[in-house]
Amino acid sequence: MARVKAQDGDAFAVLVERHLATIHAFNYRLTRDAEDAADLAQETFLRVWSKAATYKPNRVKFTTWLHRIAHNLCIDQHRRRRPVDDVDVDTLDSGEADIEKLPANERLRQAVDRALADLPERQRTALLLCHRRNMSNREAAEVLDISVDALESLLSRARRTLRTTLRAYR
């Protein structure tokens, strides 16, 4: 990041290459749209380039800072599109074959995806950061700009909701 702060394009290219897939996947889990996720990933790295001077390496890990930028961009987009982007989970599988004919593990994966999509945005993000991105509670709390106690509360509520929703798959 020190080289990126100095506007070193080669260093920035390496940084993008290392983290683009992770940020795209994170954005996709939040937006549930591949095109939006790609656009937001690109915007995330544009922000990294333009805001590199604001990064404080002694205060926060780079990946935490990067995920916070991506998260904030996803939230901004969601707020702008809220009236037209609410997804009806019942229509997500409309183009697929009869769900009963799918293998059990695929049905479970789809059920988990739907259950995650139905969680409130902050609960879903907390779970993704801690369980998919393997961030510590402190790092995830920094991304969400909340206390560790508040993050743990979000995680607890999310897990409780998922347990209830997915009870049929036990």
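Some observations on this one:
- Matching residues in region 151-170 - criterion: being assigned to a helix (DSSP H, G or I) and open to solvent by less than 40 Å² (accessible area, probe 1.4 Å): 151, 154, 155, 158, 162
- Scanning region 37-77 for residues that are open to solvent by 30 Å² or more (accessible area, probe 1.4 Å) and either under 17 Å from residue 128 (Cα atoms) or touching a Pro at 6+ places or on another chain (Cβ under 7 Å) (or both) yields 63, 65, 68, 72.
- Residue 71 vs. criteria modelled with pLDDT under 95 and assigned to a helix (DSSP H, G or I): yes
- Residue in region 25-37 that is modelled with pLDDT of 90 or more, part of a helix (DSSP H, G or I) and β-branched (Val, Ile, Thr) present: no
- The set of residues from region 106-148 being over 21 Å from residue 23 (Cα atoms) and surrounded by 18 or more Cβ atoms within 10 Å (Cβ to Cβ) comprises just one member, 115.
- Test for residue 103: is it in contact with a helix residue (DSSP H, G or I) (Cβ under 9 Å, 6 or more places away or on another chain), open to solvent by 40 Å² or more (accessible area, probe 1.4 Å) and modelled with pLDDT of 50 or more: no
- The set of residues in region 113-140 being under 18 Å from residue 72 (Cβ atoms) and in contact with a Ser or Thr (Cβ under 6 Å, 6 or more places away or on another chain) consists of 139 alone.
The values are calculated or read from the model by the stated rules, or taken from the named source; none is laboratory data. All of these numbers come straight from a predicted model, not from anything done at the bench. Cβ: placed from backbone, ideal geometry, glycine included. Neighbour counts: every protein chain shown. With ligands, DNA and RNA removed, areas are computed over all heavy atoms of the protein, side chains included. Shrake-Rupley method; radii C 1.70, N 1.55, O 1.52, S 1.80 Å.
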